[in-house]
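This structure is in structure tokens; I'll ask about it shortly.
Throughout, read-outs are computed from the coordinates displayed, never taken from laboratory work. Computed from a prediction, not measured in an experiment: that's the story for all the values here. All Cβ positions, glycine included, derive from the backbone under ideal geometry; neighbour counts span all protein chains shown.
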Amino acid sequence: MGNRGRAAERRKTKPAVIGGMIAVVVGGAGIGVYALYGGGAAADDGTTASASAGKKSPSVKTGPLSATEVTTAARTFLTAWQQGEVTKAAAGTDDSTAAASLLTGYTKDAHLKNVTLTAGTRAGDKVPFSVKGTVDFKGVSKPLAYDSALTVVRRAKDGKPLVDWHASVVHPDLQDGDTLVTGESGTPPVKALDRDGGELTTKKYPSLEPVLDGLREKYGKKAGGKAGVELRVIRGKASIAKKASDKTLLELSKGTPGTVKTTLSPGLQADAEQQVAKKARASVVLLRPSTGEILAVANTSHGFNTAFQGSLAPGSTMKVITSSLLIDKKLASADKAHPCPKYFKYGGWKFQNDDKFEIKGGTFKASFARSCNTAFISQAPDLENDDLTKQAQQVFGLSMNNWAIGVPTFDGRVPVQSQAQMAASLIGQGGVRMNPLNMASVAATVKAGTFHQPYLVAPSVDDRTLATASRTMSASTLSQLRELMQYTAAAGTAAEAMSGLGPDYGAKTGSAEVDGQKKPNGWFTAYRGDLAAAGVVQAGGHGGDTAGPIVAALLKAGG
């Protein structure tokens, strides 16, 4: 039969609904996708059948996608994927190489079979769909069901509608470069315990999900457990760079867990979870300055551990580190006069204070307590570009990427900068990035007098070497820094939140502006007795009003 005869025969065949997808039986070869472009069946080279037959190719189509184009592209891709026709499915995306690799692994490595894909209702260029299948590995099987979505885009060179390829199309927990693998888990499960010996579970403490994943990754093999069989997300290079942990999606058979003990306090962890739940996008860390033991960690959002791994401008809480630098260099002294003008120009930028206030004839202590930006910016001309970086690294143990707390962390970033960016760094903007763990450690260093690297699992468990600082503040600098923070807690911007917690206490508030965000991120770091804590409420507003009550409540509960 000639090509025209076969094409005619295909057009006469009635489409059948398979798993919610429109498909058509082609001869006896199985099931193929029924996708029309310009009235003809899609040819292998991406042109229409009529163009393949020698007719003039239509002009490249541009503009918004029609409903028909979106649903047709989605059905083409989903039907091919469902039938295991990887090459055809991948050809329906804008990155056929990456798509083919992940879709091949879906069957070969993830061991998924009997997959049914059912499209939902289109919303613009996006099509949601449900996935049902069975994970089958060495005679052990379990059903898997989840929802995903795809977006259709128009290819520039020929106008063809294609699926915008990302790994999340295959599973929403996948990031580009990640893979799905079923097998004996490389890391056995762990039973994590609090400091009193009680089991830590996500049911009791939802915030601990990423922490428990990190503990398993680090200690699964070392704790003496036996691996089970699981479907897991294995992180690729990009995800690893973000310190994302592998994730279990489905447990086919249980392993035997090993046991790892943490420093978390069950009561304070419960308090931390309750406190962050009162605010949207809140995170907090509580630790013990004398040892570095982490007593609680909590986030409103349970998917990403902002408290340990966030990378946010810390705003004026950074002035604790900057103040120690200025006092060390004799550029400021707690009770001596210090400038706090409305404005200060440096490096081509004009800096100002909140509400453009100024303090006439005030001391450095007054400027710190009221969080005067220009009091710090005005000292930039007398500083070297790397002074703040060295102070953060050498005294506070930050920005060296060498903390080993037991789970993944971001250890702060204070890059060497110049001109206006260097000046902005002095008030926690510019390129400076921190998280609540980092800033709790800053308050703890002031309280203890020296840096103790925070930790969640005792170093004796696996003979880890904890990070250290290369120098400590002088007795004079330390005394003045404590005076600044105590005065701020008693009579400055932190006074309302810290009311009733004195006299052995200190605090600093912060607000960090973020581009495209109406309200700043609110920061608060403080210590009381042998406790130190820091918190952030993203897009919450001023730190004293948002993060302050969270931190103060934990300091009170731990007292």
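About the Cα centre of the chain, what is the dipole size in debye to 20, counting +1 per Lys and Arg Cβ and -1 per Asp and Glu Cβ, all else neutral?
Dipole magnitude for the chain comes out near 1220 debye.
R0 = 35 Å: FRET efficiency of residue 390 with residue 518, Cβ-based, nearest 0.05?
0.45
Nearest 20 debye, what's the magnitude of the dipole of the stretch 268-558 about its Cα centre given +1 on Lys and Arg Cβ and -1 on Asp and Glu Cβ?
Dipole magnitude for the stretch 268-558 comes out near 580 debye.
Fewest first, what order do 441, 316 take by the number of other Cβ atoms within 10 Å?
316, 441
At what distance in nm do the modelled label points of residue 280 and residue 256 sit from each other, each positioned 7 Å from its Cα along Cα→Cβ?
4.9
Now for a different question. Would you mind finding the longest exposed-site-free stretch of the chain, with exposed chymotrypsin sites (Phe, Trp or Tyr not before Pro) meaning DSSP loop and at most 15 other Cβ atoms within 10 Å?
Formally, the longest exposed-site-free interval is 1-303.
Now for a different question. Viscosity 1.306 mPa s, temperature 10 °C: give me the Stokes-Einstein translational D for the stretch 268-558 in µm²/s, with Rh taken as the Kirkwood radius over C-alpha pairs.
Translational D for this selection: 86 µm²/s.
With label points built 7 Å along Cα→Cβ from the Cα atoms of residue 176 and residue 122, find their separation and express it in nm.
Here the modelled spin labels are 2.5 nm apart.
Pull up the DSSP beta bridges for the stretch 190-260 and report the antiparallel fraction as a percent, rounded to 5.
Given both bridge residues lie in the stretch 190-260, the antiparallel proportion sits at roughly 70 percent.
Mind giving me the FRET efficiency for residue 60 and residue 132? R0 is 60 Å, r the Cβ-Cβ distance, nearest 0.05 is fine.
According to the calculation, E is roughly 0.95.
On to the next question. Under 17 Å Cα-Cα from residue 160, which lysines qualify once same-chain neighbours fewer than 8 residues away are excluded?
The reachable lysines, counting only those whose Cα sits under 17 Å from residue 160, are 56, 61, 88, 126.
What value, in deg cm²/dmol to 500, does the helix sum -39500 (n - 2.57) over DSSP H runs of n ≥ 4 give at 222 nm once divided by the residues of the chain?
Computed mean residue ellipticity for the chain: -8000 deg cm²/dmol.
Right, here's the next one. Using only the Cα atoms of the stretch 408-513, each taken as one equal point scatterer with no solvent, compute I(q) by the Debye sum, divide by I(0), and report log10 of the ratio at q = 0.21, 0.23 Å⁻¹.
The Cα Debye sum returns log10 ratios of -1.29, -1.33.
Evaluate the charge dipole of the stretch 190-260 about its Cα centre and quote only its size in Debye, nearest 20, assuming +1 on the Cβ of each Lys and Arg and -1 on the Cβ of each Asp and Glu.
With only Lys, Arg, Asp and Glu charged at Cβ, the dipole is about 280 debye.
At a threshold of 8 angstrom on Cα-Cα distance, excluding pairs fewer than six apart, so keeping six or more, what relative contact order does the stretch 190-260 reach in percent?
For the stretch 190-260, the relative contact order is 40 percent.
Determine the gain in length on full extension of the stretch residue 184-residue 462; use 0.36 nm per residue of separation and subtract their C-alpha separation, reporting nm with one decimal.
Computed gain between residue 184 and residue 462 is 97.7 nm.
Taking 8 Å as the Cα distance limit and 6 or more residues as the minimum spacing, I'd like the relative contact order of the chain as a percentage.
Value for the chain: 10 percent.
Additional query: Pulled fully out, how much extra length does the chain show between residue 195 and residue 221, if you take 0.36 nm times their separation in residues and subtract their Cα-Cα distance?
Answer, rounded to one decimal: 7.2 nm.
Taking a point 7 angstrom from the Cα of residue 471 along the C-beta vector, which residues in the stretch 384-403 have backbone N less than 12 Å away?
It comes to 387-388, 390-396, nothing else.
Measuring from centroid to centroid over Cα atoms, what is the spacing of the stretch 286-302 and the stretch 68-135 in Å?
Each part reduced to its Cα centre gives a spacing of 43 Å.
Another question, if that's okay. Going down the table (108/237; 138/204; 191/247), which pairs top 26 Å between alpha carbons?
Going by Cα-Cα distance, 138/204 fall outside the 26 Å limit.
Go ahead and run the numbers for FRET between residue 329 and residue 96, Cβ-Cβ distance against an R0 of 56 Å, rounding to 0.05.
0.40
For a quick check: sort 247, 203 by the number of other beta carbons within 10 angstrom, fewest at the front.
So the residues, fewest neighbours to most, are 203, 247.
Let me ask something additional. Could you grab the relative contact order for the stretch 443-559? Cα pairs under 8 Å, six or more apart, rounded to a whole percent.
21
Given [x] -0.80, -0.95, -1.08; [y] -0.78, -0.88, -0.97; [z] -0.68, -0.82, -0.97 as candidate values of log10 I(q)/I(0) by the Debye sum over Cα atoms at q = 0.09, 0.10, 0.11 Å⁻¹, which corresponds to the one derived from the coordinates?
Only one listed value fits the structure, namely [y].
Farthest toward the dipole's positive end in the stretch 331-389, which of 385, 374, 341, given Cβ charges of +1 (Lys, Arg) and -1 (Asp, Glu) about the Cα centre?
341
Looking at the chain, send over the antiparallel percent of its DSSP beta bridges, to the nearest 5.
Once the DSSP bridges in the chain are tallied, antiparallel ones form about 95 percent.
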